[in-house]
Amino acid sequence: MAKEPTTPSITDLDALKVFTHPLRIALYRELYTARAATASHLAEPVDEAVSLVSYHLRKMAAHGFIVEAPERSTDGRERWWKPASERGWSFRGSDFAGDPEGAAVVGQVTRHLLANRAERYGVYLDQQAAWPKEWTDSAFSSEFLPRLTAAELAELGEEMHALVRRWEERGRSAEEAGETEGREHVALHLYGFPFRP
């Protein structure tokens, strides 16, 4: 049985700093959704100049988050990019906890990610009346408040990631087989963190 690929984890502070710029988070998300694109393709959805987008793409490439996709170019002049991993990237705050600068960078990146996710959900809420009923009936927002140990929370997170990865693979396989009818991009935001009432 083939070993399941893992999500690349950022453990280098300089690499994590790449995402202290919110535009890079937006660009990475657009590129991840498109699977491959040029700076020109990405400039419109983020409403920035192509030259600025190119600069930020090169910064992400310098740290291995994205790679060139020359197989997509039809004339050799276009510079196509794609995510370096089909699984995106992750990081753990604990990998940077012993360093005040690292902790600050983790906080900054995490807040940019949260803002980006909240903005995306807000756009959906503003536009949900335009979606067909089958999609608005399928969309969900839930909050659960279980009492767990840290080990149980970690196990829950691993199970949820494995479940979502199976659905990602299902959608990717169907798309590769040409089954695109009725498929849309779906954003799924999961959070799990301790709190005290």
- Task: Residue by residue through region 167-197, note down the ones that are within 18 Å of R35 (Cα to Cα), free of Cβ contacts under 8 Å to residues at least 60 places away in the same chain and of a type in the set (K, R).
- Result: R170, R183
- Query: Taking region 177-197 as the region of interest, how many residues are farther than 26 Å from A115 by Cα and either among the β-branched types (V, I, T) or not in a loop (DSSP other than H, G, I, E, B) (or both)?
  - Reply: 1
- Based on what the data block shows, is V67 part of a helix (DSSP H, G or I) and farther than 24 Å from G182 by Cα? no
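Name the one entry in A129, A151, A118 that is free of Cβ contacts under 8 Å to residues at least 12 places away in the same chain, within 21 Å of T7 (Cα to Cα), part of a helix (DSSP H, G or I) and out of contact with any helix residue (DSSP H, G or I) (no Cβ under 6 Å at 6 or more places or on another chain).
Working: A129 fails: within 21 Å of T7 (Cα to Cα); A118 fails: within 21 Å of T7 (Cα to Cα).
Checking each option against the conditions leaves just A151.
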- Message: For region 127-150: of the residues being more than 12 Å from E184 (Cβ to Cβ) and of a type in the set (D, E, K, R), which is modelled with the lowest pLDDT?
- Response: E143
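Return the residues of region 165-176 that are open to solvent by 70 Å² or more (accessible area, probe 1.4 Å) and more than 25 Å from R117 (Cβ to Cβ); say none if nothing qualifies.
The initial filter retains those residues of region 165-176 that are open to solvent by 70 Å² or more (accessible area, probe 1.4 Å), namely 166-170, 175-176.
Of everything in region 165-176, just one residue is open to solvent by 70 Å² or more (accessible area, probe 1.4 Å) and more than 25 Å from R117 (Cβ to Cβ), namely E176.
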- Kindly check whether there is at least one residue in region 137-144 that is more than 24 Å from W89 (Cα to Cα) and part of a helix (DSSP H, G or I). yes
- Message: Can you say whether H112 is at pLDDT 95 or above, open to solvent by less than 70 Å² (accessible area, probe 1.4 Å), in a helix (DSSP H, G or I) and touching a Pro at 6+ places or on another chain (Cβ under 8 Å), as far as the supplied structure shows?
- Response: yes
- Query: Any residue at all in region 24-44 that is closer than 17 Å to V105 by Cβ, of a type in the set (A, V, I, L, M, F, W, C) and in contact (Cβ under 8 Å) with a residue 40 or more places away in the chain?
  - Reply: yes
- Message: If I filter region 53-79 down to residues being in contact with a strand residue (DSSP E or B) (Cβ under 8 Å, 6 or more places away or on another chain) and in contact (Cβ under 8 Å) with a residue 40 or more places away in the chain, which single residue comes out as most open to solvent (accessible area, probe 1.4 Å)?
- Response: R79
- Query: Which of the following residues is over 23 Å from G157 (Cβ atoms), open to solvent by less than 40 Å² (accessible area, probe 1.4 Å) and out of contact with any strand residue (DSSP E or B) (no Cβ under 8 Å at 6 or more places or on another chain): V50, V46, V105?
  - Reply: V46
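The values are calculated or read from the model by the stated rules, or taken from the named source; none is laboratory data. Please read these numbers as outputs of a predicted model, since none were measured by experiment. Glycine gets a Cβ as well: all are built from the backbone with ideal geometry, and neighbour counts include every protein chain shown. With ligands, DNA and RNA removed, areas are computed over all heavy atoms of the protein, side chains included. Shrake-Rupley method; radii C 1.70, N 1.55, O 1.52, S 1.80 Å.
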